[in-house]
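Here's the structure we're looking at; comments come further down.
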Amino acid sequence: MSIVKMKRLRLIGMQAERGALLKLLQHMGCVEIDEPTEFRDDPVWDSLTRPDTQALGRAREQRSELEGALKTLKKYGPRQKGGLLKARPVITEGELFDDSAYEAALADAGRLGELERQISALYAEQNKLRTQRLSLAPWLGLDIPLETTSTEEVAVLFGTVAGTADLDALEQALAEKSELTQLLRAGSDAQLQYLVFLCHRSAEEECQEVLKDFGFSRSALRGWIGTAAENDKRLAQELAQSEQTLAETIAQVAAFAPRKGALEQALDRSNQEISREEARCRLLDSGTAFFLDGWVPVPEEEKLLQKLREFTCCWETEEPLPEDYPQVPVKLKSNVLTEPLTTITEMYSLPAYDGVDPNGLMMPFYVFFFGFMFADLAYGAILAGVCAVIQIKTRPKGGFGQLIRLMIMCGISSAVIGFFTGGFFSDFLAQFTSMLGLSQPVIPFLSVPDGVTGVPGPLLNVMGDPMTVLVFALAVGFVQIVVGMAVKFWMLCRRGQVVDAILDIGTWWVIFVGIGLFAADIGNVAGYPVVLIIGCLM
């Protein structure tokens, strides 16, 4: 496989056709629009302006509304059926870009946003009501209005003392100071006891000293009218009404459940709108025209130019210069076998434009090494089968889809290598039959008891001959290194650096040949060191 060749595209078109032209490019998906930078120092080009970003801001706001609406549906709506393996819906381009359906979905998203805000306000109100009821709970045993205040003749104090305080002793101490006092016990909790103290003004100062000695602390009960029980009853009614309103509001949210698919489709549409508006913001505008600078794949060039002839515009394409290579977008030309490796390649970085597509070179080694390390017929078949079911049922896209398809290949590799190395749930067949006292079954490659002839055993006995397995793995690794060196040799030669290729890579090959001859003991033994010395000197 190789890297797709690109050409720079420069286009000047009429501003009235800008939207239609951008929709065409988005539909074709073959142009990457760049920021025009090479004319930055030209005073004529400095007079051009950037398009406004209001449309981009609106598109992002719409996406936020749709995402919020879907979260609201997921949180308060009915549980959707289908499970993890629900198939991805398939829609046409016309359905995706249906303006009336998009506007209807945005209206639904706005309504769901309002319902979400109402639900949040109701939850906040309920928390407030519950908190108020909790604050009134210790005073429910009190039958005097909470707004009762001191008068000219009588002092009234609402307050608390510690839960361990002796109220009988407090009452006796107050009685000793004055007979014109009364202590009303309201209630208590784990930490405090709640009281109402009444006394004549003439004994107020002396009684307050006693209260101070017992740790009395005043309570602020502002805003209450009536007794605690009356207020608690009113709060309970308000809480019940709020819960009913909340249930009705959540039911309204649940009624939008059938519209979930339309909202998800609108979310995809909003992402397309954002992509197009971001591309528009990279253009340059004059009063009546616009300038576009980008890249188009060579295989798509003629098809694109045929479509551009339908617009009032002029354009040019040119091959990128070597100094432009760092800016050229990289597109890998993959097939069904190498495409799944793209997720591994992108995990590190895509190759340079003048580099080599690593997928085709990496695929056989990656799949083989994975299968060689796993090396089990049963586990490999399970891995490939499960991933195949996920691929068929859900049709995953993007990096996850590539990973699933890669695991299918790796599972098949594991199963095949496991068969030839005798791996089936490790050594399950031998251990299971031994545990039951049965004779070991005779299965080619997988299970061949000692003494049985005429039946092929494992090509590599992983359990009985680990050294052979190690040597084999080192040999395959050496082949991979040689392939990598060959790729570098070819790249240096392609750039005209033939001498560098010979001195950098060729010397290693000479050394490898010398080591191979020495290990194989072929020819004149005295000549082997000469080969090694030549390789080192090169």
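The values are calculated or read from the model by the stated rules, or taken from the named source; none is laboratory data. Just so it is clear, the structure is predicted and the values come from calculations on it, not from any experiment. FYI the Cβ positions are ideal-geometry reconstructions off the backbone, even for glycines, and counts take in every protein chain you see. What goes into the accessible areas is simple: the full protein's heavy atoms, side chains included, and nothing from ligands, DNA or RNA. Shrake-Rupley method; radii C 1.70, N 1.55, O 1.52, S 1.80 Å.
Of all the listed residues (Glu264, Glu278, Glu273), the sole one being in contact with a helix residue (DSSP H, G or I) (Cβ under 6 Å, 6 or more places away or on another chain), touching a residue at least 12 places away in the same chain (Cβ under 8 Å) and among the charged types (D, E, K, R) is Glu273. Residues that are among the polar types (S, T, N, Q) and more than 25 Å from His27 (Cβ to Cβ) were ranked within segment 64-113; the one that is surrounded by the most Cβ atoms within 10 Å (Cβ to Cβ) is Thr72. Scanning segment 389-430 for residues that are of a type in the set (A, V, I, L, M, F, W, C), at pLDDT 90 or above and open to solvent by less than 50 Å² (accessible area, probe 1.4 Å) yields Ile390, Ile404, Leu406, Met407, Ile408, Met409, Cys410, Ala415, Ile417. Restricted to segment 365-458, the set of helices (runs of 4 or more DSSP H) holding at least 2 residues that are closer than 28 Å to Gln480 by Cα and out of contact with any Asp or Glu (no Cβ under 9 Å at 6 or more places or on another chain) comprises 377-394, 398-420.
For residues in segment 185-213 being of a type in the set (A, V, I, L, M, F, W, C), under 19 Å from Trp139 (Cβ atoms) and modelled with pLDDT of 90 or more, which is nearest to the chain's Cα centre (by Cα)? Please lay out each step first, then the result.
First, pick out the residues of segment 185-213 that are of a type in the set (A, V, I, L, M, F, W, C): 186, 190, 192, 195-199, 203, 207, 210-211.
Now narrow it down to the ones that are under 19 Å from Trp139 (Cβ atoms): 186, 190, 192, 195-198, 211.
Subsequent filtering for residues that are modelled with pLDDT of 90 or more retains 186, 192, 195-198, 211.
On the way: Ala186: 56, Leu192: 50, Leu195: 57, Val196: 59, Phe197: 62, Leu198: 65, Leu211: 62 Å.
Checked segment 185-213; the qualifying residue nearest to the chain's Cα centre (by Cα) is Leu192.
Restricting attention to segment 246-279, the residues that are loosely packed, with under 15 Cβ neighbours inside 10 Å, under 25 Å from Tyr123 (Cα atoms) and out of contact with any Gly (no Cβ under 8 Å at 6 or more places or on another chain) total 4.
For segment 226-239, the set of residues classified as farther than 18 Å from Leu195 by Cα and open to solvent by 40 Å² or more (accessible area, probe 1.4 Å) consists of Glu230, Lys233, Arg234, Gln237, Glu238, listed by residue number.
Among the residues in segment 517-533, are any in contact with a Leu (Cβ under 6 Å, 6 or more places away or on another chain), open to solvent by less than 50 Å² (accessible area, probe 1.4 Å) and modelled with pLDDT under 75? Within segment 517-533 (the criterion being in contact with a Leu (Cβ under 6 Å, 6 or more places away or on another chain), open to solvent by less than 50 Å² (accessible area, probe 1.4 Å) and modelled with pLDDT under 75), the answer is yes, since at least one residue qualifies. If you go through segment 309-332 and keep only what is in contact with a Gly (Cβ under 8 Å, 6 or more places away or on another chain), of a type in the set (Phe, Trp, Tyr) and assigned to a strand (DSSP E or B), you end up with nothing. Could you please let me know if Asp293 is at pLDDT below 90 and under 34 Å from the mean Cα position of the chain (by Cα)? So Asp293 fails the test. In the set (1) assigned to a helix (DSSP H, G or I); (2) polar (S, T, N, Q); (3) closer than 27 Å to Thr394 by Cα, Ser100 fails one condition alone, (3). Considering segment 471-506, and only residues there that are open to solvent by less than 80 Å² (accessible area, probe 1.4 Å) and of a type in the set (Val, Ile, Thr), the residue that is nearest to Phe368 (Cα to Cα) turns out to be Val476. In segment 341-361, the qualifying residues are those that are buried (at least 17 other Cβ atoms within 10 Å of the Cβ) and hydrophobic (A, V, I, L, M, F, W, C), and the one that is modelled with the highest pLDDT is Leu341.
The combined condition, being within 43 Å of the chain's Cα centre (by Cα) and of a type in the set (A, V, I, L, M, F, W, C), is not fulfilled by Leu503.
Screening Ser426, Ser413 for residues that are at positive phi, within 39 Å of the chain's Cα centre (by Cα) and among the polar types (S, T, N, Q) leaves exactly one candidate, Ser426.
Is it fair to say Ser242 is open to solvent by less than 30 Å² (accessible area, probe 1.4 Å) and more than 34 Å from the chain's Cα centre (by Cα)? Taking the combined requirement at face value, the residue satisfies it. The set of residues in segment 25-63 that are acidic (Asp, Glu) and exposed (fewer than 15 other Cβ atoms within 10 Å of the Cβ) comprises Glu35, Glu38, Asp41, Asp42, Asp46, Asp52, Glu61. Would segment 333-340 turn up any residue that is outside any loop (DSSP other than H, G, I, E, B) and open to solvent by 70 Å² or more (accessible area, probe 1.4 Å)? The answer is yes; a qualifying residue exists.
Identify all residues within segment 149-169 that are closer than 19 Å to Glu205 by Cα and either among the polar types (S, T, N, Q) or without any contact (Cβ under 8 Å) to a residue 60 or more places away in the chain (or both); write none if there are none. Break it down into steps so the answer makes sense when it comes.
So in segment 149-169, the residues closer than 19 Å to Glu205 by Cα come out as 149-161, 169.
Selection gives Thr149, Ser150, Thr151, Glu152, Glu153, Val154, Ala155, Val156, Thr160, Val161, Ala169.
Has segment 437-445 got any residue that is more than 25 Å from Thr338 (Cα to Cα), exposed (fewer than 13 other Cβ atoms within 10 Å of the Cβ) and touching a residue at least 12 places away in the same chain (Cβ under 8 Å)?
Within segment 437-445, the first condition is being more than 25 Å from Thr338 (Cα to Cα), and the residues that meet it are 437-445.
Those still in the list that are exposed (fewer than 13 other Cβ atoms within 10 Å of the Cβ) too: 437-439, 442.
Filter again for touching a residue at least 12 places away in the same chain (Cβ under 8 Å), leaving 442.
Checked against the condition, which is being more than 25 Å from Thr338 (Cα to Cα), exposed (fewer than 13 other Cβ atoms within 10 Å of the Cβ) and touching a residue at least 12 places away in the same chain (Cβ under 8 Å), segment 437-445 yields at least one hit.
Inspection of segment 38-58 identifies at least one residue that is within 27 Å of the chain's Cα centre (by Cα), at pLDDT 90 or above, part of a helix (DSSP H, G or I) and under 20 Å from Ala262 (Cβ atoms).
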